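So the structure is just underneath, and the comments pick up after that.
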Amino acid sequence: MTSNSLRLTAAVAMCAFSACERTQQVLAVTYCRVDADCAGGFLCENFECVPKAAKTCDNVNDGTPILQPTPHTVDFGTVTSSQPLEKKVLLSNIGNCTLTLFEATLAKGDAGVACAFCETNFPKEVFPGRNVELALKWTPGEAVPQSNELRLLSDDGEYPTFRLPIRANYIGSPSLTAAPNPVDFGYVAVGRQGKRNVTLTNRGTGTAPITISAIAVDPPMGDFEVVQPMTLPRTLRPITQDTSALLSFEARFTPRNAGLPDGGGDATAALVLTTSEGELRVPLQGNSATPPRATVTPAMVNLGDVRLGTTVSRPITITNEGGAPLTVRATWGGTRPSTDLSVAPQAIPNVAGGTFTEVQVVATATAEGPITGLLVLNLNDPARSNLTIPVMANGVSGPGPEVVKLEMTYDNGSDNAFDNDVRDVDMTLEHPFGYVCNKRNPNPMNWGSYGQPSWLAFAPKEEPERIVLADARTDGTYKVQVTYAQDCKSLPTALLAGILGISVDVLVDVLTGGAVPIPGQDIGRLIEQVCLSRGASAVGVKVYVNGMLIAEKSTSLGRRGDSVYVLDLVRRNGTFSVP
């Protein structure tokens, strides 16, 4: 053993048996593994704490700071979710002396990318062999490819301004919609089979596709089944990009017994759609115990005398004495139904088994004499598919002023059924000082002595539209305006119902003011996006005063948004006329 070794052994022995605090402190400061083991102002280099100042480029031979970001390009990829994403970037100093970061900025401030690190205090030191981390957060916005750039200003001799590319591509969010939803077969007798066509569409945004890989029924061995399409798996582009992107198949309900263990006749299951975005479950429902059975009272409605310009209503009661829900659609029969007669609501909700609903039959007299009509109730009662109720009233004169009725019709395909033609024209009556009566404001109460107007449109296409102006006691000039609300001449009903995720019946309910929570502007936008062809529409407006036709004007509207004042209605010395 050498003399130096003997001295070291003796020193260790002395520290082991005495309070050798100073020697212990020197040993703890001298050796380290990471920077945190060293006191402030020191770095850990080769297991030894050294002053940070020793690593400045002025104190290092051939000192060269080198900035190396990892990764060299930040790519958020192609995404179909609108949720924010985050990517981390390491800024490493692979040189041999301290690197100074002077600034970090984004080239574009409005590209959806945020950098919290860029807002912190600068300059920042990055010591040799070390790094700092920053996070870039991207919030998808418009469904288009986006790019940005992170600019790093440092004392790197070769790249004092390092440009880090940022790329992102939000292609929209897919959204699979099934129509109808739920799939309701209604009443089907035991041993019979009910069929419903189900249409799948992608109501997503941008160009984001969705893939349907499987269609099944849960539980699998019940009364419901599906006819498997031959094209699975099937990828659907958004319907706004490809109007042919529909997948249709048939669902069936074949009840095997008339009742369930609890004595009921309702059957339920779920249609399970397996997609690239997860599962979509659509309820299946039907009834086999008791069919809907409708009774309507009274069998005839007599509204009696109705003074000109006033409205009288009487209720009819529709009772479902069966088990399955009763569907009711009200129309007016005859060759020229009177627009003085109407029902409220026009879209009648389904009547559950053992319950009833009331519908108001309404007469608004605009002419003296008999007012007659046939109210036809179309039913899903297997015993009778429709029921006709005669309606009568008698318009009588009164002491009030003249009553004006405006009737507007327009070219929109078939008038008595919902077809592929979804053109729509709206009529507005504007009083002498600019107040209006129309679809959005059907019963204004602020016209004062200029009368009491009311607007009404008839199912299923809001055509004809009718405005009645009663109790006008002040002379002035009123204007009648027609506006082309929708110019889509050809749009398959199944396609429109599919993109809305509703049945055609419910769609008619929406278009006629039914209580379905789908904003009208959303329907308008969807029609605009997927319309197959457009067309002009011929519009006619008739003006009646106390039942006498005094004027008839026609015009043509070329495209959506067109608006025309079709006529002036002038009241002078208590008498209405059309110049």
Seminar exercise, completed: Flagged in the stretch 319-378 as under 37 Å from the mean Cα position of the chain (by Cα), closer than 19 Å to V301 by Cβ, outside any loop (DSSP other than H, G, I, E, B) and of a type in the set (S, T, N, Q), in numbering order, are T319, T331, S342, T357, Q360, N378
Exercise. For residues in the stretch 72-95 being farther than 17 Å from L164 by Cβ and open to solvent by less than 30 Å² (accessible area, probe 1.4 Å), which is modelled with the highest pLDDT?
Worked result: G95
Problem set entry | Pair list, Cβ under 6 Å, 6 or more apart: the stretch 68-91 residue at negative phi and of a type in the set (V, I, T), other residue open to solvent by 30 Å² or more (accessible area, probe 1.4 Å) and not in a loop (DSSP other than H, G, I, E, B) | T70/L90; T73/P165; V74/K87; T78/N169
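Is it the case that A270 is part of a loop (DSSP other than H, G, I, E, B), open to solvent by less than 40 Å² (accessible area, probe 1.4 Å) and either within 25 Å of A189 (Cα to Cα) or at pLDDT 95 or above (or both)?
no
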Problem set entry | Residue count for the stretch 447-478, restricted to those that are closer than 17 Å to G574 by Cα and touching a strand residue (DSSP E or B) at 6+ places or on another chain (Cβ under 7 Å) | 14
Exercise. Which one is nearest to D58 (Cα to Cα) among residues in the stretch 131-143 that are open to solvent by less than 70 Å² (accessible area, probe 1.4 Å) and without any contact (Cβ under 8 Å) to a residue 60 or more places away in the chain?
Worked result: V132
For this session: Mind listing whichever residues of the stretch 50-61 are open to solvent by 70 Å² or more (accessible area, probe 1.4 Å) and out of contact with any Cys (no Cβ under 9 Å at 6 or more places or on another chain)?
Result: K52, N61
For this session: Test G286 against the criterion of being open to solvent by less than 70 Å² (accessible area, probe 1.4 Å), assigned to a loop (DSSP other than H, G, I, E, B) and either at pLDDT below 90 or among the polar types (S, T, N, Q) (or both), and give yes or no.
Result: no
Problem set entry | The lone exception for N302 - which of (1) at pLDDT 95 or above; (2) more than 17 Å from V391 (Cβ to Cβ) it fails | (2)
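Yes/no per residue for (1) of a type in the set (A, V, I, L, M); (2) at pLDDT 90 or above:
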residue	(1), (2)
T9	no, no
A13	yes, no
A19	yes, no
Q24	no, no
L27	yes, no
D35	no, yes
N46	no, no
T56	no, yes
T70	no, yes
For this session: Kindly provide the set of residues from the stretch 362-376 that are surrounded by 18 or more Cβ atoms within 10 Å (Cβ to Cβ) and within 27 Å of P292 (Cα to Cα), ordered by number.
Result: V362, G373, L375
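Yes/no per residue for (1) free of Cβ contacts under 8 Å to residues at least 24 places away in the same chain; (2) open to solvent by less than 40 Å² (accessible area, probe 1.4 Å):
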site: V312; (1), (2): no, yes
site: T317; (1), (2): no, yes
site: A324; (1), (2): no, yes
site: T327; (1), (2): no, no
site: T335; (1), (2): yes, no
site: P345; (1), (2): no, no
site: Q360; (1), (2): no, no
site: N378; (1), (2): no, no
Seminar exercise, completed: When the stretch 152-173 is checked residue by residue, the ones that are in a strand (DSSP E or B) and closer than 23 Å to P128 by Cβ are L152, L153, S154, T161, F162, L164
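Yes or no, residue by residue, for (1) without any contact (Cβ under 8 Å) to a residue 12 or more places away in the chain; (2) of a type in the set (F, W, Y); (3) surrounded by 14 or more Cβ atoms within 10 Å (Cβ to Cβ); (4) closer than 30 Å to E142 by Cα:
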residue: Y187; (1), (2), (3), (4): no, yes, yes, no
residue: G194; (1), (2), (3), (4): no, no, yes, no
residue: T201; (1), (2), (3), (4): no, no, yes, yes
residue: A208; (1), (2), (3), (4): no, no, yes, yes
residue: I215; (1), (2), (3), (4): no, no, yes, no
residue: V227; (1), (2), (3), (4): no, no, no, no
residue: I239; (1), (2), (3), (4): no, no, yes, yes
residue: A251; (1), (2), (3), (4): no, no, yes, no
Problem set entry | Of all residues making up the stretch 559-572, the number that are of a type outside the set (A, V, I, L, M) and modelled with pLDDT of 95 or more | 6
For this session: Could you please find all residues in the stretch 96-124 being open to solvent by 20 Å² or more (accessible area, probe 1.4 Å), within 24 Å of P65 (Cβ to Cβ) and in contact (Cβ under 8 Å) with a residue 40 or more places away in the chain?
Result: T100, F102, E103, T105, L106, A107
Exercise. How many residues, within the stretch 150-193, are of a type outside the set (G, A, S) and over 37 Å from the mean Cα position of the chain (by Cα)?
Worked result: 14
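The rows are residues; the columns are (1) assigned to a strand (DSSP E or B); (2) open to solvent by 40 Å² or more (accessible area, probe 1.4 Å); (3) in contact with a helix residue (DSSP H, G or I) (Cβ under 9 Å, 6 or more places away or on another chain); (4) modelled with pLDDT of 95 or more.
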residue: P453; (1), (2), (3), (4): yes, no, no, yes
residue: L456; (1), (2), (3), (4): yes, no, no, no
residue: E462; (1), (2), (3), (4): no, no, yes, no
residue: V468; (1), (2), (3), (4): yes, no, no, yes
residue: T477; (1), (2), (3), (4): yes, yes, no, yes
residue: V480; (1), (2), (3), (4): yes, no, no, yes
residue: A485; (1), (2), (3), (4): yes, no, yes, no
For this session: Among the numbered conditions (1) without any contact (Cβ under 8 Å) to a residue 40 or more places away in the chain; (2) open to solvent by less than 40 Å² (accessible area, probe 1.4 Å), tell me where T355 comes up short.
Result: (2)
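The values are calculated or read from the model by the stated rules, or taken from the named source; none is laboratory data. Here the structure is a predicted model, which is why all the values come from computation and not from measurement. Glycine also receives a Cβ, built like all others from the backbone with ideal geometry; neighbour counts cover every protein chain displayed. Accessible surface is based on the protein model in full, side chains and every heavy atom, while ligands, DNA and RNA are left aside. Shrake-Rupley method; radii C 1.70, N 1.55, O 1.52, S 1.80 Å.
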